[in-house]
Amino acid sequence: MTTLQINENEYAPFYKNYITSLGTVELFDILNDSLDDLLNTIQHLPKEKLTYRYQEGKWTIKELVQHIIDAERVLSYRALRFSRNDATDLPGFNENWYVENSNGNDRNIEELLDEFTFVRNASIQLFKSFTDEMYTLSGAINGSDMSVRALGFIIAGHQVHHLKVIKEKYL
C-alpha cells in the first residue's frame, strides 16, 4: 500500500501535509525507515542538546520524542478501533497538555528511544495484522472521517515532520 492509494476524503485537512510530504512511499518502508532515521539522528546527540529550546515556549528534543511516542499511541489506537468497525466519534487530544504532563525532560534519552522503538514496532505489527478490507474502514475523529490506512501514513508523516524540525531548528 502506498500514499498514492490515499484519497483526501480519508483524513482531516489538518493531516494533509503529513501524508503528501512523504511523497510516494510504501507504508511499511516509511515506518521502518523513519524509525531508523530518528534513532540515528538522536542517539548520539550531546546531552545539552536534548533539553535545548530554540525559542521560548518550544519543546525540547526529549519532549518532542515523548510527543511522537504519545501521538503514535493515540493514532494507533484510533486505527485499531476503526479496523474493528468501531465508528464512534473519537475526541482529539491536546498535544500541548500531554507534553506539559509527560515528564519527558526528566527521562533518560536511551529509555525514550527504546520506548519509541517498541511503540513503532507495535504499530508496524498492528498494521500488518489488518486485512485489505480493514485498511479501508474509517471512523470519525472530532467529526472528521479518518481511514485506517490514512492513519498509518499519518503516524509516519507526523514523526518525519518532527524529525525535520529537529534537524532544522535544534541541530
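The conditions of being touching a Gly at 6+ places or on another chain (Cβ under 9 Å), of a type in the set (A, V, I, L, M), assigned to a helix (DSSP H, G or I) and closer than 26 Å to T24 by Cα are met by A79. The residue of the range 1-40 that is nearest to I124 (Cα to Cα), among those that are among the β-branched types (V, I, T) and outside any loop (DSSP other than H, G, I, E, B), is I30. Applying the criterion of being at pLDDT 95 or above and either part of a loop (DSSP other than H, G, I, E, B) or among the aromatic types (F, W, Y) (or both) to the residues of the range 118-151, the residue that is farthest from the chain's Cα centre (by Cα) is T131. Put simply, of E115, E95 the only residue that is surrounded by 13 or more Cβ atoms within 10 Å (Cβ to Cβ), closer than 21 Å to D29 by Cα and of a type outside the set (K, R) is E115. Looking across E115, E72, one residue alone is closer than 18 Å to M146 by Cβ, of a type outside the set (G, A, S), at pLDDT 95 or above and in a helix (DSSP H, G or I). It is E72.
Any idea how many residues of the range 122-147 are in contact with a strand residue (DSSP E or B) (Cβ under 7 Å, 6 or more places away or on another chain) and either farther than 15 Å from R84 by Cβ or among the β-branched types (V, I, T) (or both)? The total comes to 3. Of all residues in the range 153-171, those that are surrounded by 18 or more Cβ atoms within 10 Å (Cβ to Cβ) have Cβ atoms under 9 Å from Cβ atoms of residues that are acidic (D, E) and assigned to a helix (DSSP H, G or I), 6 or more apart or on another chain, in I155/E72; A156/D33; H158/E72; Q159/D37; Q159/E72; V160/D37; L163/D37.
The values are calculated or read from the model by the stated rules, or taken from the named source; none is laboratory data. Just so you know, these numbers come straight off a predicted model, no measurement behind them. Because the Cβ atoms are built from the backbone with ideal geometry, glycine has one as well, and the counts that use them run over all protein chains shown.
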